[in-house]
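A.B. asks: First the structure, then my questions, so here it is.
The values are calculated or read from the model by the stated rules, or taken from the named source; none is laboratory data. Note that the structure is a prediction, hence the values are computed from the model and not measured. A quick note on method: Cβ atoms are made from the backbone with ideal geometry, for glycine too, and the neighbour counts reach across all protein chains shown. Side chains are part of the model used for accessible areas, which takes the heavy atoms of the whole protein and leaves out ligands, DNA and RNA. Shrake-Rupley method; radii C 1.70, N 1.55, O 1.52, S 1.80 Å.
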Amino acid sequence: MLAVTTFNRGYKRWLYSDLAGARKALMESIRQGDSTGSTFAVAWSRRWLSAIHWQAGDVGEAIKDFSVAESLFTRLRDGFGLANMQTGRGVAFLAAGRLDEAERVFRRSLAASERYGIAEGVYGNMVSLATVQSARGDWTGSRRLLEQAITYGNANGHAGWTASLGYSLGIIALRLGELDRAERYFLRAGPM
């Protein structure tokens, strides 16, 4: 439990952009997990350590930690962990401009989230697919997906998250030349 608690500390620090504190806690969780056989804690710590390395531009270390985490989740038969890994892979494809591959990953992950009833995954993958459409310049398709994500999110306990999509909808309206609509979204989104 100490390894899991230390992982949670690292994850929370990552959420609040304390990358140095997150890295320190995650490395400690790995040490604790390795010494006690807590493969679960090690897998999740490697997953988020991979994200820290990615954010820092150390792609080699990011790939190494990502691969170790994926191998551990496979061994544990942790479907949620493997789905999370797929999302990470989709984000990497998106960042590299490999839009077709990113879309395939997000669609598979969306289908798995729907199948297993993981509302957070359904919502997140809808937003990710909208991002792929935006990257392609398909502003109408992106809007449609964001509106679906908002409807789904509001119906499934994610209304706090859907409120943040107003800014994205404003950008889309701007791209489509809908200046009045864009202004309404931006005013509702508030100061940035």
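Here's the yes/no breakdown for (1) open to solvent by less than 30 Å² (accessible area, probe 1.4 Å); (2) within 23 Å of residue 103 (Cα to Cα); (3) at pLDDT 95 or above:
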| residue | (1), (2), (3) |
| --- | --- |
| 31 | no, no, yes |
| 48 | yes, yes, no |
| 51 | yes, yes, no |
| 55 | no, yes, no |
| 70 | no, yes, no |
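A.B. asks: Any idea how many residues of the stretch 148-192 are more than 20 Å from residue 110 (Cα to Cα), open to solvent by less than 50 Å² (accessible area, probe 1.4 Å) and outside any helix (DSSP H, G or I)?
C.D. replies: Residues meeting the conditions: 1.
A.B. asks: Can you list residue pairs whose Cβ atoms sit under 6 Å apart, with the first residue in the stretch 102-115 being over 13 Å from residue 127 (Cβ atoms) and the second being basic (Lys, Arg) and in a helix (DSSP H, G or I)? Count only pairs 6 or more apart in sequence or on different chains.
C.D. replies: 105/89
A.B. asks: For the stretch 125-147, how many residues meet the condition of being open to solvent by 30 Å² or more (accessible area, probe 1.4 Å), assigned to a helix (DSSP H, G or I), more than 18 Å from residue 181 (Cα to Cα) and of a type outside the set (Val, Ile, Thr)?
C.D. replies: Residues meeting the conditions: 2.
A.B. asks: Tell me, which residue of the stretch 6-23 that is farther than 19 Å from residue 35 by Cβ and of a type in the set (Gly, Ala, Ser) is most open to solvent (accessible area, probe 1.4 Å)?
C.D. replies: Per the criteria, the residue is 17.
A.B. asks: Looking only at the stretch 76-124, count every residue that is under 13 Å from residue 44 (Cα atoms) and assigned to a helix (DSSP H, G or I) and tell me the total. Give the derivation first.
C.D. replies: Keep residues of the stretch 76-124 that are under 13 Å from residue 44 (Cα atoms), which gives 76, 78-85, 88.
From what's left, assigned to a helix (DSSP H, G or I): 76, 79-85, 88.
Selection size over the stretch 76-124: 9.
A.B. asks: Among the residues of the stretch 88-109, is there at least one that is acidic (Asp, Glu), open to solvent by 30 Å² or more (accessible area, probe 1.4 Å) and more than 25 Å from residue 50 (Cα to Cα)?
C.D. replies: no
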